[in-house]
Structures are given as structure tokens and as C-alpha cells.
Amino acid sequence: RFASPRVPSRLALRLALKILGNMLQSPEELRNELFCQLAKQTNGNPHPESTERGWQLVLICLAAFPPSATLKDYFSAYCAQHRDDDGRVGEYARASLRAIPQICALGARRELPTYVELHAVVHLEPVQVRVHFLDGKHMMMPARSWTTTAQFERMIARRLGVRDAAAFRLHECSSEEEERVIEPEERVLDLVSHWNRLENEQRGKKGKTASV
């Protein structure tokens, strides 16, 4: 459980990641069951903190995988029932309503979100991503769990005052300086999660070598 409705502890986020890891490996029916259980926890719950924590987990799940096509409309209607609730719950319900069509269009993630992303999701904030340019300069750009490369390119173009985003493309560069054009439908924060996982794996290998 989350230790605080406003500031989830590291342990709480670790438990949330464990749930996401299990759900990404699970069939659609089990994911639907999780959404239904979260609706049960947040509907008419006499404990405000538990209700808020439940809505936090709803948003965290919607950052990683969608409800099924059968459940989508029902769960959207449930979120709509609570969009005018007081305080943070109403904000979470409205954010969930915006998230549902986006995650349903994209499908389940291929990578688990980072702790930074989960913290941003719970606080209804974007993650700031550093974008490097060929001239050595860089710029911080906001991205959410559902931001695709194509959307990100358009955001960068607007920030730079470039009318046509097709004038440039985003690339990723490995530590061996190998470059790859990022496909338009890829999620920016999925790439960040991928890089984070590779970095952690590399650190783990170095640690094992050092211990030997």
C-alpha cells in the first residue's frame, strides 16, 4: 500500500512496479480483473486515503496497459462518474479519462516504467526528457506515458519554431555510437525505460566482475 496519498514511498512504487510486471505477463482477463478490483476499492470507500491510493494505482496501470475493448467503455463511464469528485480524486478520474483512449490505442508497454515516471504519473506531471542536438546543444522536453515519438517531434518543432516537423527525426545513439531512427509510434518513455534497464544491467555486470 502507499504510505501517503500525496507522496508514495519508494516501497509503494516498488510494489506498484511488481504489479505492473505481473500484469504485463498476464492475459487480458486478469488485467480486467485488476481494473474491476480498483473500481471496487475506489467506489464508496469510507477511507479517503485508501480511495486516493486506489486512484493512483488506476493511473499507474493505465500508464502501462489498457483495459480490454469489452471493459473500456464501462471503465471510462466509471471514471466519468467521479470526475467531479472533490480534491485529488476528481483530478485522478479526469486524468484516467484522458489516459484510457491513449493507452487503448497504443496497447501494452514493452518496458516497465521507471520510478521517475511513476512518481510523475501520481503527481499528474510530465517527465522532463533531455533531447540532444547535432550542434551539441540540448533541450528539456516534457513527455507523458503515452507520448509517441511522432508527437514528441511535433512538440520539439513547435518549441523551435519549425513549422514542419518532418524536417528532422529523432534518433537514439548507443554507447558504441550506433544510431537508430526512432519509429513514429514508439513511446518516448518506453525508450527511456529501455535505456534505464540496460544501464542497470550493465552496472550489475560490472559489480559482479568487481566482486570476483
| Unit charges at the beta carbon, dipole of the chain: most positive-side option, L24, A157, Q102 | L24
| request: Treating only the Cβ atoms of Lys and Arg (+1) and Asp and Glu (-1) as charged, compute the dipole magnitude of region 1-153 about its Cα centre; round to the nearest 20 debye. | output: 360
| Cα-based count: Lys pairs in the chain below 29 Å, eight or more positions apart or different chains? | 6
| message | Tell me the carbon and sulfur percent of the accessible area for region 120-212, rounded to whole percent, probe radius 1.4 Å. | response | 52
| message | Starting from 0.36 nm per residue, how many nanometres of slack lie between Q151 and L24 once their C-alpha separation is accounted for? | response | 43.3 nm
| message | What figure, in Å² to the nearest 10, do you get for the accessible area of H194 with a 1.4 Å probe and non-protein molecules left out? | response | 40
| request: Determine the per residue accessible area of region 86-212 with all protein chains present and a 1.4 angstrom probe, expressed in square angstrom. | output: 62
| What do you get for Rg/Rh of region 1-158 when both radii come from the Cα atoms and Rh is the Kirkwood radius? | 0.99
| note | Within the set Q56, Q37, Q202, GNM on the chain using Cα springs under 10 Å gives the largest fluctuation to Q202
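Taking all protein chains together and a probe of 1.4 Å, list E28, E176, E111 from the most accessible to the least accessible. Walk me through the intermediate numbers first.
Numbers: E28 100, E176 130, E111 15 Å².
Largest to smallest exposure gives the sequence E176, E28, E111.
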| Relative packing of 163-169, 13-19, which averages over residues the other C-beta atoms within 10 Å, highest first | 13-19, 163-169
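Starting from the eigenvalues of the Cα gyration tensor, five times each then square-rooted, give me the equivalent ellipsoid semi-axes of region 1-84, largest first, whole Å.
Taking √(5λ) for each eigenvalue gives 20, 18, 9 Å, largest first.
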| query | Nearest 10 degrees, 0 to 90: what angle lies between the long axis of helix 69-81 and the longest principal axis of the chain (Cα atoms)? | reply | 70
| query | Rounded to the nearest 500 deg cm²/dmol, what is the calculated helix-only ellipticity per residue at 222 nm for the chain, with -39500 (n - 2.57) per DSSP H run of length n ≥ 4? | reply | -19000 deg cm²/dmol
| message | Calculate the FRET efficiency for R159 and S9 from the Cβ-Cβ distance with a Förster distance of 35 Å, rounded to the nearest 0.05. | response | 0.50
| query | What is the distance in Å between the Cα centres of region 101-159 and region 30-85? | reply | 23
| task | Please determine, in degrees from 0 to 90 and to the nearest 10, the orientation of helix 10-24 with respect to the longest principal axis defined by the Cα atoms of the chain, where the helix direction is its Cα long axis. | result | 90
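Taking 8 Å as the Cα distance limit and 6 or more residues as the minimum spacing, I'd like the relative contact order of region 111-167 as a percentage.
22
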| Given charges at Cβ of Lys, Arg, Asp, Glu: region 1-157 dipole, positive-most of V131, P113, V58 | V131
| For region 3-64, what relative contact order do you get, as a whole percent, if you take Cα pairs closer than 8 Å and at least 6 residues apart? | 38
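The values are calculated or read from the model by the stated rules, or taken from the named source; none is laboratory data. Note that the coordinates shown come from a computational prediction; the quantities given were computed from them, not determined experimentally. Backbone-built Cβ (ideal geometry, glycine too); neighbour counts: all protein chains shown. Ligands, DNA and RNA are stripped out before the accessible areas are found, and what is left, the full protein with its side chains, is counted by its heavy atoms. Shrake-Rupley method; radii C 1.70, N 1.55, O 1.52, S 1.80 Å.
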